[in-house]
Amino acid sequence: MGMTMSEKIVARSAGLTQVEAGQIVMAKVDKAMMDDLLGPRVEIAEQMERMGAKIWDVNKVVIISDHYTPPANAAQADIVKFTREWAKEKGVENYYEYIGPCHQIMIEKGHALPGEVIVGTDSHSCSYGAVGSFATGIGSTEMLGVLMMGEIWLKVPETIRVEWSGKLNAGVMAKDISLRTIKQIGHAGATYQTVEYVGSGISELPMDERICIANMAVEMGAKAGLMEYDEETAAYLRSIGVEKEFTRISSDPDARYSSVLQFDASALVPQIACPHEVDNVFDVTDVKSKIDQAYVGSCTGGRYTDLKMAAQILKGHKVASGVRLLVSPASSSVYERCLREGILGDLAAAGAIILPATCGACLGLHSGTIGEGEVCISSTNRNFIGRMGSKKSFVYLGSPAAAAASAITGQITDPREFL
Amino acid sequence: MSLIEGKVWKYGDNINTDIISPAIYMERSVAEAAKYTMSPIDETFGTEYKPGDIFVAERNLGSGSSRETAPLVLKELGVKTIVAKSYARIFYRNCINVGILTIECAETDKIHKDDIIAIDYEKGIITNKTRGEQYTAQQIPPHIAKLVNLGGLIPYLEHWQEEHAAK
Ligand code: SF4
């Protein structure tokens, strides 16, 4: 019987030629990623010390301080300091800080590669599926196990195949593909499964847009969100200095799926997820709300294409009075490119506040948290109750284009009105 | 002992980890943060939960962030057993890893706050003493039972370490 992409990757890492969904295997881990929020400081450092345990392979470990950078207070600063010192003490050379959300850094620095099995202490580790890694989020104690043993037990997931035909129209973005898919599958509809994204609607997208889609697979409960390795993947990897050629992994024609869903990208209109669930999704034209804040940023919606699109919408306009537009590029290299190309200047001219590359407001820690009764439209990935600040605030999720258009009018707005 | 009895704290669908363990308290110690467990929807839980009480929810418990602080604050307050219709996968694994028993039962909508329930997890039976009802619970898969019986992942790793050193 044929295998899906995820079965092929898991089989290789478990040293098997054939695996089947439902089977439990011990998989060898190619990379282990930890962040500052849920990395060494939660259980890991203390237990390793107590057990006198060693990291199985320091070259396969990447540590990134991103949630608490730049720190808003002394407690956050202490956590970053602890993370940095722990990395140094353990000899983990792949340590980064202050340069943006971990998932963007993992991909940009070439730590996530096609065909690899990667685990991270952050649930959006599934982002690396955009470059063809089978990647998933795990808890801290589980990470301790990985750090010691270099392997993890996995139940081989079933796969939902999501086919997007056609091509997106102007003003419609990868984020809209993400939200529309989540609306269909539901916030728990892919629990324990892999979501495999294929079709021209995906292959036509640049890598930075693809990451936005793989990133949100976990919002359906998925273990991984996978895309095929193609010319764009190869070109992207070359652009970041990865010279190696990879085998193209795709699912066999006779692979078994738990379901196959079809969508037409050319018929898609901008989507909005309303409070307080990611699958509470409507066409933008059906959503009415005033906003206090618009946010363009995060490992979901803060990349080059996102900021460029937001700048294009805002050009010649101003952010509405009484509304603030915050922009946090997904990494310092995205920041630098957008600065060089004049995108940050255009955004600032329209009244946007440019923040450093950070997790910050995305999870309500600093740099743009919202207060009681306030409404934010955000290009991030979660609109859970209290996610961006007060438990009495409201978060609508939309594309960077929708966030920019809404910033101009002060209410949730169809970005196509500004094209 | 496969029998657990206790008073119920009851919640509905989609209780995500941002609700169980809000990010703003994560820079504090687990003991401090535990006081704010569930606070976005229930301010009494963190201060009034008594060890031995049973945490019951409905569908998709623990969705969202992989934060292990969610099971850790629950454990800190004394939660040993959770019953839900279904779980998000990372939360489910995290609970097992820190030594909280997670039981699946399709009928948790029939269980209400303050009910007294008794769980026989080997047989897969939940008895609601307050309402005189019985529900079926899913039996725990063998590879998970092994971890739970050892007391979570850490004792398992200690065991692994000993074997590894012996080689
Ligand atoms: S940007 Fe948001 S979703 Fe991404 S890693 Fe940071 S907190 Fe998580």
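I need a count of the residues in the stretch A:388-413 that are assigned to a loop (DSSP other than H, G, I, E, B), within 13 Å of chain B (Cβ to nearest Cβ) and closer than 15 Å to A:Asp292 by Cβ.
Here is the first cut: in the stretch A:388-413, the ones assigned to a loop (DSSP other than H, G, I, E, B) are A:388, A:390-393, A:398-399, A:410, A:412-413.
Right, trim to within 13 Å of chain B (Cβ to nearest Cβ) and you get A:388, A:390-393.
From what's left, closer than 15 Å to A:Asp292 by Cβ: A:388, A:390, A:392-393.
Matching residues across the stretch A:388-413 total 4.
Scanning the stretch B:8-27 for residues that are under 16 Å from A:Gln76 (Cβ atoms) and not in a loop (DSSP other than H, G, I, E, B), we see that the one that is nearest to the other protein chains (Cβ to nearest Cβ) is B:Ala23.
Is the stretch A:245-263 home to any residue that is within 16 Å of the ligand (Cβ to nearest atom), within 30 Å of A:Glu231 (Cβ to Cβ) and among the hydroxyl-bearing types (Ser, Thr, Tyr)?
Here is the first cut: in the stretch A:245-263, the ones within 16 Å of the ligand (Cβ to nearest atom) are none.
No, every residue in the stretch A:245-263 fails to be within 16 Å of the ligand (Cβ to nearest atom), within 30 Å of A:Glu231 (Cβ to Cβ) and among the hydroxyl-bearing types (Ser, Thr, Tyr).
Can you confirm whether the stretch B:78-87 contains a residue that is surrounded by 22 or more Cβ atoms within 10 Å (Cβ to Cβ) and among the basic types (Lys, Arg)? No, every residue in the stretch B:78-87 fails to be surrounded by 22 or more Cβ atoms within 10 Å (Cβ to Cβ) and among the basic types (Lys, Arg).
For A:His124, state whether it is within 16 Å of the ligand (Cβ to nearest atom) and within 13 Å of chain B (Cβ to nearest Cβ). Against the criterion (within 16 Å of the ligand (Cβ to nearest atom) and within 13 Å of chain B (Cβ to nearest Cβ)), A:His124 qualifies. When restricted to residues that are closer than 14 Å to B:Leu3 by Cβ and β-branched (Val, Ile, Thr), the stretch B:100-157 contains 7.
Restricting A:Thr285, A:Thr305, A:Thr300, A:Thr358 to residues that are surrounded by fewer than 21 Cβ atoms within 10 Å (Cβ to Cβ) and within 17 Å of the chain's Cα centre (by Cα) narrows the list to A:Thr305. Apart from one condition, A:Glu89 fits all of (1) more than 14 Å from every other protein chain (Cβ to nearest Cβ); (2) among the acidic types (Asp, Glu); (3) surrounded by 24 or more Cβ atoms within 10 Å (Cβ to Cβ); (4) over 30 Å from A:Pro206 (Cα atoms); the exception is (3). In the condition set (1) more than 16 Å from the ligand (Cβ to nearest atom); (2) in contact with a Leu (Cβ under 9 Å, 6 or more places away or on another chain); (3) not in a helix (DSSP H, G or I), A:Tyr68 is compliant with all but (1).
In the stretch A:235-249, the qualifying residues are those that are out of contact with any helix residue (DSSP H, G or I) (no Cβ under 6 Å at 6 or more places or on another chain) and farther than 19 Å from A:Arg303 by Cβ, and the one that is surrounded by the most Cβ atoms within 10 Å (Cβ to Cβ) is A:Phe246. Checking each residue in the stretch A:391-415 for being in contact with a Lys or Arg (Cβ under 7 Å, 6 or more places away or on another chain) and hydroxyl-bearing (Ser, Thr, Tyr) picks out only A:Ser399.
Of all residues in the stretch A:359-387, those that are facing chain B (nearest Cβ under 7 Å) have Cβ atoms under 8 Å from Cβ atoms of residues that are part of a strand (DSSP E or B), 6 or more apart or on another chain, in A:Gly364/A:Ile370; A:Gly364/A:Gly389; A:Arg382/A:Val395; A:Arg382/A:Leu397; A:Phe384/A:Val395; A:Arg387/A:Val395.
Which members of the stretch A:42-62 meet the condition of being within 11 Å of another protein chain (Cβ to nearest Cβ) and within 16 Å of the ligand (Cβ to nearest atom)? Lay out the reasoning, then the answer.
Going residue by residue through the stretch A:42-62, those that are within 11 Å of another protein chain (Cβ to nearest Cβ) are A:42-44, A:46-48, A:50-54, A:56.
Hit for the stretch A:42-62 is A:Val42, nothing else.
In the condition set (1) in contact (Cβ under 8 Å) with a residue 40 or more places away in the chain; (2) away from the ligand (no atom under 16 Å from the Cβ); (3) more than 14 Å from chain B (Cβ to nearest Cβ), A:Asp279 is compliant with all but (3). Within the stretch B:37-71, restricting attention to residues that are hydrophobic (A, V, I, L, M, F, W, C) and within 10 Å of the chain's Cα centre (by Cα), the residue that is surrounded by the most Cβ atoms within 10 Å (Cβ to Cβ) is B:Leu61. Please determine whether any residue of the stretch B:47-60 is within 14 Å of chain A (Cβ to nearest Cβ) and assigned to a helix (DSSP H, G or I). Looking for residues that are within 14 Å of chain A (Cβ to nearest Cβ) and assigned to a helix (DSSP H, G or I), one finds none in the stretch B:47-60, hence no. If you go through the stretch A:63-73 and keep only what is more than 22 Å from A:Asp30 (Cβ to Cβ), more than 10 Å from every other protein chain (Cβ to nearest Cβ) and of a type outside the set (Ser, Thr, Tyr), you end up with just A:Pro70.
Pairing residues of the stretch A:1-27 that are within 22 Å of A:Val146 (Cβ to Cβ) with residues that are part of a helix (DSSP H, G or I), at Cβ distances under 7 Å and at least 6 apart in sequence or on separate chains, gives A:Val19/A:Glu7; A:Val19/A:Val10; A:Val19/A:Ala11; A:Ile24/B:His143; A:Val25/A:Val10; A:Ala27/A:Val10; A:Ala27/A:Ser13.
Could you tell me whether A:Met148 is farther than 21 Å from A:Lys8 by Cα and either more than 12 Å from chain B (Cβ to nearest Cβ) or surrounded by fewer than 24 Cβ atoms within 10 Å (Cβ to Cβ) (or both)? Give the steps one after another, and end with the answer.
Details: farther than 21 Å from A:Lys8 by Cα: yes; either more than 12 Å from chain B (Cβ to nearest Cβ) or surrounded by fewer than 24 Cβ atoms within 10 Å (Cβ to Cβ) (or both): yes.
Against the criterion (farther than 21 Å from A:Lys8 by Cα and either more than 12 Å from chain B (Cβ to nearest Cβ) or surrounded by fewer than 24 Cβ atoms within 10 Å (Cβ to Cβ) (or both)), A:Met148 qualifies.
One residue is enough: does the stretch B:90-104 have a residue meeting the conditions more than 25 Å from B:Ala145 (Cα to Cα), surrounded by 17 or more Cβ atoms within 10 Å (Cβ to Cβ), in contact with a Gly (Cβ under 6 Å, 6 or more places away or on another chain) and at pLDDT 95 or above?
First, the residues of the stretch B:90-104 that are more than 25 Å from B:Ala145 (Cα to Cα): none.
No - not one qualifying residue is present in the stretch B:90-104.
Does the stretch A:71-82 contain at least one residue that is within 16 Å of the ligand (Cβ to nearest atom), under 22 Å from the mean Cα position of the chain (by Cα) and not charged (D, E, K, R)? Full working, then the answer.
Residues of the stretch A:71-82 within 16 Å of the ligand (Cβ to nearest atom): A:71-72, A:76, A:79-80.
Among the residues that remain, those that are also under 22 Å from the mean Cα position of the chain (by Cα) are: A:71, A:80.
Still in the list and also not charged (D, E, K, R): A:71, A:80.
Looking through the stretch A:71-82, at least one residue is within 16 Å of the ligand (Cβ to nearest atom), under 22 Å from the mean Cα position of the chain (by Cα) and not charged (D, E, K, R).
Against the condition buried (at least 24 other Cβ atoms within 10 Å of the Cβ), small (Gly, Ala, Ser) and in contact with a Pro (Cβ under 8 Å, 6 or more places away or on another chain), how does A:Gly398 come out, does it pass? So A:Gly398 passes the test.
Listed conditions (1) within 15 Å of the ligand (Cβ to nearest atom); (2) without any contact (Cβ under 8 Å) to a residue 60 or more places away in the chain are all met by A:Tyr95, apart from (1).
Out of the stretch A:22-59, which residues are surrounded by fewer than 21 Cβ atoms within 10 Å (Cβ to Cβ) and in a loop (DSSP other than H, G, I, E, B)? Quick ask: steps written out before the conclusion?
From the stretch A:22-59, those surrounded by fewer than 21 Cβ atoms within 10 Å (Cβ to Cβ) are A:22-26, A:28, A:41, A:45-59; that's our starting set.
Residues satisfying the conditions are A:Gly22, A:Gln23, A:Arg41, A:Gly52, A:Ala53, A:Lys54, A:Ile55, A:Trp56, A:Asp57.
Answer yes or no: is there a residue in the stretch A:92-102 that is out of contact with any helix residue (DSSP H, G or I) (no Cβ under 7 Å at 6 or more places or on another chain), within 14 Å of chain B (Cβ to nearest Cβ) and either within 24 Å of B:Ile24 (Cβ to Cβ) or of a type in the set (Asp, Glu) (or both). Yes, some residue in the stretch A:92-102 is out of contact with any helix residue (DSSP H, G or I) (no Cβ under 7 Å at 6 or more places or on another chain), within 14 Å of chain B (Cβ to nearest Cβ) and either within 24 Å of B:Ile24 (Cβ to Cβ) or of a type in the set (Asp, Glu) (or both).
The values are calculated or read from the model by the stated rules, or taken from the named source; none is laboratory data. Since this is a predicted model, take the numbers as computed values, not measurements. A quick note on method: Cβ atoms are made from the backbone with ideal geometry, for glycine too, and the neighbour counts reach across all protein chains shown.
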